[in-house]
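The values are calculated or read from the model by the stated rules, or taken from the named source; none is laboratory data. Every value quoted in this text rests on a predicted model; they were computed, and no experiment measured them. Glycine also receives a Cβ, built like all others from the backbone with ideal geometry; neighbour counts cover every protein chain displayed. Ligands, DNA and RNA are stripped out before the accessible areas are found, and what is left, the full protein with its side chains, is counted by its heavy atoms. Shrake-Rupley method; radii C 1.70, N 1.55, O 1.52, S 1.80 Å.
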Amino acid sequence: MESTRTILIVEDDVINRVALCRFLSKQGYVVHPTKDGDEALEIYAKNKFDLIIMDLVMPGIDGAETARKMRFISNSTDGDYPPIIIVTAVDHRAQNLEKIFRAGVDRVVQKPIEHAQLLECIDELLLPQKRN
């Protein structure tokens, strides 16, 4: 039996956070909701996750900066880090995408989130881990 996958959710909007957590829980994932980048970094430093789904625009540090800091934490410990999906309603201009991907983000999903697209991204990112 395969172990349950854990997902760290980083979303400042409470309605979006609750909706995303409910949806992913119904898909069989264990979700850990956080309200901003600072809280996410604190939890991330103490736990292992299979995947991170994070809003781009948040109060305090944004999703790209939070992702960059998560990669630094991982490289300072065991070098193993989970894939990161950024969700955003912000326009995907080339300079924005470059900043996001340089921070270590694996995928970008546009808001409003289409569940089928999100599940496809999750499957693509977690599939390599299933082979181990």
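As a calculated quantity, the FRET efficiency between THR6 and ARG102 at R0 = 30 Å, using C-beta atoms, amounts to about 0.70. If you count Lys pairs in the chain whose Cα atoms are under 23 Å apart, skipping same-chain pairs closer than 8 places in sequence, the total is 14. If R₀ is 22 angstrom, what is the calculated FRET efficiency for the pair VAL18 and PHE72, using the beta carbon separation as r and rounding to 0.05? It comes out at approximately 0.15.
In terms of the mean number of neighbouring beta-carbon atoms within 10 Å, the peptides 109-121, 55-67, 23-35 order highest first as 55-67, 23-35, 109-121. Name the shape class, rounded, prolate or oblate, that the alpha-carbon gyration tensor gives for region 1-89, where a ≥ b ≥ c are the square roots of its eigenvalues, rounded holds for a/c under 1.5, and otherwise prolate holds if a/b is larger than b/c and oblate otherwise. Note, shape of region 1-89 comes out oblate.
At a 1.4 Å probe, what is the % contribution of carbon and sulfur to the accessible area of the chain? Reported share for carbon and sulfur atoms: 52 percent.
The phi torsions of region 15-29, fed into the Karplus equation with coefficients 6.51, -1.76 and 1.60 and a -60° offset, translate into couplings of 5, 5, 5, 5, 4, 5, 4, 4, 4, 5, 4, 5, 7, x, 8 Hz, rounded to whole numbers, with Gly and Pro shown as x. Near VAL105, once Lys and Arg are set to +1 and Asp and Glu to -1 for all other residues with Cβ below 10 Å from its Cβ, the sum equals +4. Amide hydrogen proximity for VAL31: with H placed 1.01 Å from N in the peptide plane, the residues at 5 or more positions away or on another chain lying under 5 Å are ILE7.
Summary value for the chain: 21 percent relative contact order, contacts being C-alpha pairs under 8 angstrom separated by 6+ residues.
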